[in-house]
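The values are calculated or read from the model by the stated rules, or taken from the named source; none is laboratory data. Keep in mind it's a predicted model, so treat the numbers as computed, not measured. Cβ placement follows ideal geometry from the backbone for every residue including glycine, while neighbour counts extend to all protein chains displayed. For the accessible areas, the whole protein counts, side chains as well, though only heavy atoms, and no ligand, DNA or RNA atoms are used. Shrake-Rupley method; radii C 1.70, N 1.55, O 1.52, S 1.80 Å.
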Amino acid sequence: MSEEKKYLRMSKNERIQHFLLLISFIVLVITGFWLKFPEAWWVKWIVYIIGENAFEARSIIHRVASVVLIVASVYHLVYISFSNKGRKLVMDFLPRKSDISEFTGSMKYLVGKSEVKPRFGRFSYIEKMEYWAVVWGTVIMGLTGFVLWFKDFFFKYISNTGMDIATAIHYYEAILASLAILVWHFYFIFMNPDVAPMNKAWLSGYLTKEEMEHEHPRELEEIEELEVPEVPENSEESQKS
């Protein structure tokens, strides 16, 4: 049997960016909520494993992870600014009118009012919302985190009120981002019956033809149209036609 044809979903460059974002985000969530809930049962397990210097280590690890997140963000910014694939990526993530019809179509499909699932292109409205939510969240968390990190410098400009506002924004945005990733993004990658047991594109970079037909049929059509060889005008096939 011939090997099943696969289609590139995420390039190696994009997978590296995604991995840096994934690791730094998970570490930031753990170390951030560790500070907020020091008596939580899972924090006690971490402290037991690390030892008496656990809380000092937490602070260092949180800051290192924040630097990794910033590096990943700059990496991505350079990628989408100076590479053709990066610019194409952003263009495909931009909202379009078709996203509205795809959303309404998805709702009808989910509640049983339509038997036809919307035919998505490279990115569905869900993936677009996730992408721009990450952009927004990274900017907000980065700015407020920077203020809290260098609080001695910023305190003289924004006083206690400003620090309290920065702390509140940082905390509630962390909750929102955590829920968006754990409940929403992880569902579509790991628990969605359509891709179970897992969408492997974030690891291998590729999807099978069957997966493309199910998740991104319009993109698959576009790819296959580009792969169809053009018949020269003076060829035997064109003369017959």
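Where does each of Val47, Val78 land when they are ordered by accessible area, with a 1.4 Å probe and the largest first? If you can, show how the numbers build up before the last one.
Values: Val47 40, Val78 75 Å².
Ranked list, largest accessible area first: Val78, Val47.
Can you give the FRET efficiency for Phe55 and Tyr206, using 1/(1 + (r/R0)^6), R0 = 30 Å, r = Cβ-Cβ distance, to the nearest 0.05?
Numbers: r = 43 Å, r/R0 = 1.43.
Efficiency computed from Cβ-Cβ geometry: 0.10.
Which FRET efficiency value, to the nearest 0.05, do you get for Glu39 and Ile16 by plugging their Cβ-Cβ distance into 1/(1 + (r/R0)^6) with R0 = 45 Å?
0.75
Rank Trp149, Trp136 by accessible area, highest first, at a 1.4 Å probe radius? Intermediate values should be presented prior to the final figure.
Details: Trp149 95, Trp136 155 Å².
Ranking Trp149, Trp136 by accessible area, largest first, yields Trp136, Trp149.
Please report the carbon-and-sulfur percent of the accessible area for the chain; probe 1.4 Å, protein heavy atoms only, DNA, RNA and ligands left out. Please list the in-between numbers first.
Numbers: 11210 of 16690 Å².
The computed percentage sits at 67.
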Length gained if Glu225 through Asn84 is fully extended, taking 0.36 nm per residue and subtracting the Cα-Cα distance, is 48.7 nm
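Grab the beta carbon distance between Met198 and Arg96, set R0 = 22 Å, and tell me the FRET efficiency rounded to 0.05. Walk me through the intermediate numbers first.
Numbers: r = 28 Å, r/R0 = 1.29.
It comes to 0.20.
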Exposed GluC sites (Glu not before Pro) being those in a DSSP loop with at most 11 other Cβ atoms within 10 Å, the longest stretch of the chain free of them is 116-229
Heavy-atom accessible area of Thr144, protein chains in place, probe 1.4 angstrom, given in Å² to nearest 10, is 20 Å²
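List the DSSP H helices in the chain whose Cα atoms stretch 24 Å or more along the helix axis and whose mean Kyte-Doolittle hydropathy is at least 1.6. Numbers along the way, then the final one.
Numbers: long enough: 12-36 (36 Å, 1.00); 54-82 (41 Å, 1.34); 125-149 (35 Å, 0.92); 151-179 (34 Å, 0.37).
None pass (Cα extent of 24 Å or more, hydropathy at least 1.6).
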Under a 1.4 Å probe, counting only protein heavy atoms, Val67 has an accessible area in Å², nearest 10, of 70 Å²
Mean-square fluctuation maximum in Gaussian network of the chain, Cα pairs under 10 Å, restricted to Phe190, Phe155, Phe19, hits Phe155
Phi angles of segment 201-211, converted by Karplus (6.51 cos²θ - 1.76 cosθ + 1.60, θ = phi - 60°) into ³J(HN,Hα) in whole Hz with x for Gly and Pro, give 4, 6, 9, 8, x, 10, 10, 6, 4, 4, 5
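Would you calculate, for the chain, the mean residue ellipticity at 222 nm contributed by helices, counting each DSSP H stretch of 4 or more residues as -39,500 (n - 2.57) and dividing by all residues, to the nearest 500? Write down the numbers at each step before the final one.
Working: 11 runs with 169 residues, N = 241.
Computed ellipticity for the chain at 222 nm equals -23000 deg cm²/dmol.
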Once Phe103, Phe123 are ranked on solvent-accessible area with the largest value leading and a 1.4 Å probe, the list reads Phe103, Phe123
When the chain is treated as a Gaussian network with springs between alpha carbons less than 10 Å apart, the largest mean-square fluctuation among Tyr172, Tyr206, Tyr79 is found at Tyr172
Compactness summary of the chain: radius of gyration and Dmax from Cα atoms, Å, are 23.0, 83
Ignoring ligands and nucleic acids, Leu182 exposes an accessible area, probe 1.4 Å, in Å² to the nearest 10, of 100 Å²
